[in-house]
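Scroll down for the structure; my scribbles are underneath it.
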Amino acid sequence: MQTDQLFENITDLGFHTYFSYVNERMKIILKKISEDDLQIPQFIEFRHLFPEIQFLSIEVQRDVIQHLNNLTQFFASLPQISHLKELQIIIHSSNNIQAEGCQVLQNFITNNSKSLNSLDIKIHYNQIKEQGAIYVGKCLQQLTQLENLILEIGNDNDIRVPGCEAIGIALTQLKNLKNLSICIAGKNNIQGKGAANLLQGLKILNLDYLKLSLFPNEIDEQGFLDMQNELTQIKSLSTLDLSLIFGNTQIYVNGFKQLGMNFPKLENLKVLDFQFYGPISTEQSNYLVQQIHKLEYLEFFKMNFLPQASLSSEVQIDVFLQSLSKCKTLNKLHISLPSCVFSVSDQFQEEIQIPFQNLLDFEFKFGNAILSEEASKVIGDQISKMIKLESLKIELRNNSDAVDSTIKNIVKGIEYCSYLQNFFFEIGNKNKVLSEGVNCLLGSLQNKYYLNNLTIKLASGNRIESSSLDNFQEVSKSLSSLQSLNLEIKESNLKSQDIVVIKNSIQNLQALRELKIVFNRNHNPENPNEQEEDNEITKNFGELLGAMKSVEVLKFNYLQYQEMTKLNQNHILNGLCSGLPNLKVLHLMLSNYLAFNSESFKLLQTALSKCTHLIELDLKLLGRNQEQDETNIYSILSNCNSLLIFSYQIQFIFGQEMKRLKKNAMKKKKIVIINKS
């Protein structure tokens, strides 16, 4: 693989130009130039590479172009690329390219369009106005071979109705277009007519994929109806990704009902991704989902209320889920409902004979929600009917003091999901979950013989007390297929004996290959035995790490809110020294108030020397060097002969030692170095 890193400083144009070239793919970034940089003129010839290029990306960063002539000269300096297949152009905000800048882009694109089949063009706030959008339309009209198009017009470009009409007319000429993504941000004054004009010709194309994101504040109810009428006439679509965010909430009163009514017209639709700004009433949400099951071939439905949308929204969760359970072909269902009021209907719902009969993937996110006892029981009951489920993800955030009963009700359904392969459960901030809730969550995983990936996240603000994980050890004996475990416990009050339970549980996972542990320990200054407890906890964690003989990926993040002594650190490092013979990836983070010295890094060096297959190392060591002595950190990579990626964020070592570390790493020419400091 040929790789060149090229750099050119074009001082007369007033910006830096950075080039990278890898395997017929070139990326060019235009960056703002500083006064210091003007003193370092440098030029590297790159034009001989252009005939080989098939993919080109040009990114103009924010506030780079001071004069339009500079942009014109830059594009004029690029030779014609006869075999270009994919082109991406991103113009960030405050470059003030205006309409004339769009004409420059039009000329460059059309001059290199002979083999072009994919175009991605994003113009953020740059005051292009109507005429700029018209130039964009003229450009698109000439790209008759285009199969993939992404077009984004950012805020405050003011393209108005004529700009949308020009782009809409151009799209009708792209007979080969299969995948289209259009985003028109706010304050473009496109109105309802503009939105409809944008879509009016798409029905004559044979589109397979459409992503449409519209954010106009000025659209009215009639405009919303006209737009969705054009949208639902694109009968060829198999995938629709729709984001509608309007400032005028009145349009949702009738418009939302009409949208639900029109969805079934998309008779070939297999994937529907729907994101919107509300608020939405119970009647509207019920009507929408009651129409979704009429999509005969729908396989994936994703719906996301934006948080601002749902502040005054209400969802009858039983009607909502029972209606979706009628979708016979549905195999993926992802729902995000933050800040909603969840209720249960008074009316009897018909029992579905085989609910969710083909559902394999269910994702449910809800936060800041008012979730009653009855509503959480409904969710658990519906999950119990998803008997073929292979992947389940639940995010519960900022719920209430009654979150323990909520968890118990939901996870009761998981007991029936015998074929579960991937399970993700996050309990967010301020849920105040107690030991009983965590025990029920872990208990629901008993006898999940097919479970391959498990993630449990317990965020800060919960009450993760000692004994919360007591049944994990017994449950882990039945998780014979588990290969990846991600366990995050923040602000916990777990004791040393609880870490022993975690260690014994993980040792039961014979198939485990990837382990991530994030552990934040609370500090109790009133406990006279706190320091001794810290030592026991880190000692047990060290023994845990030392026991991971089969693990290939290890990510360990340990944080305690008081000084982490050398003894604490060395317990963990000694564990690593016990040997991880199969380790390929190591991410290690220790903080806060570290007290590292040369002995610590010698232990780390010893540990790394035993990881003979290590290809990726990420170190985050946050603290201080109290003794102000030389740590010899530069030596830790001495025996890492297979390493390819090394990233680090280290607060407390001297600049000279950091230079020696980087120099030592650079001697191993294969290593990519990333400094995150």
Task: Among 56-69, 314-327, 226-239, the order from most to least packed when residues are scored by Cβ within 10 Å on average - done: 314-327, 226-239, 56-69
TODO: Work out from phi, with θ = phi - 60° and the Karplus expression 6.51 cos²θ - 1.76 cosθ + 1.60, the ³J(HN,Hα) of each residue of segment 375-381, listed in order in whole Hz, and give x for Gly and Pro.
DONE: 5, 5, 5, 4, 4, x, 5
Open item on the list: For a quick check: with amide H placed at 1.01 Å from N, whose amide H comes under 5 Å from F274's, ignoring anything fewer than 5 positions away on the same chain?
Closed with: L242, K302, M303, N304
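So which GluC sites (Glu not before Pro) in segment 446-546 end up in coil per DSSP with only 11 or fewer other C-beta atoms within 10 Å? Walk me through the numbers before you get to the answer.
On the way: sites: E465, E474, E488, E491, E514, E526, E530, E532, E533, E536, E543; in loops: E465, E526.
Here the sparse-neighbourhood loop sites are E526.
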TODO: Work out from phi, with θ = phi - 60° and the Karplus expression 6.51 cos²θ - 1.76 cosθ + 1.60, the ³J(HN,Hα) of each residue of segment 284-296, listed in order in whole Hz, and give x for Gly and Pro.
DONE: 5, 5, 4, 5, 4, 5, 5, 8, 4, 5, 7, 6, 5
- [ ] Report the extension gain between N447 and K328 in nm, rounded to one decimal, defined as 0.36 nm multiplied by the number of residues separating them, less their alpha carbon distance.
- [x] 40.0 nm
Open item on the list: Using amide H atoms built in the peptide plane, which far-off residues or other-chain residues are under 5 Å from K516 H to H?
Closed with: L485, N486, L487, K555
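Read-outs throughout are calculated quantities, based only on the coordinates presented, and are distinct from any laboratory measurement. Because the structure is a prediction, the values reported are computed rather than measured. Ideal geometry is used to build each Cβ from the backbone, glycine not excepted, and the neighbour counts take in all protein chains shown.
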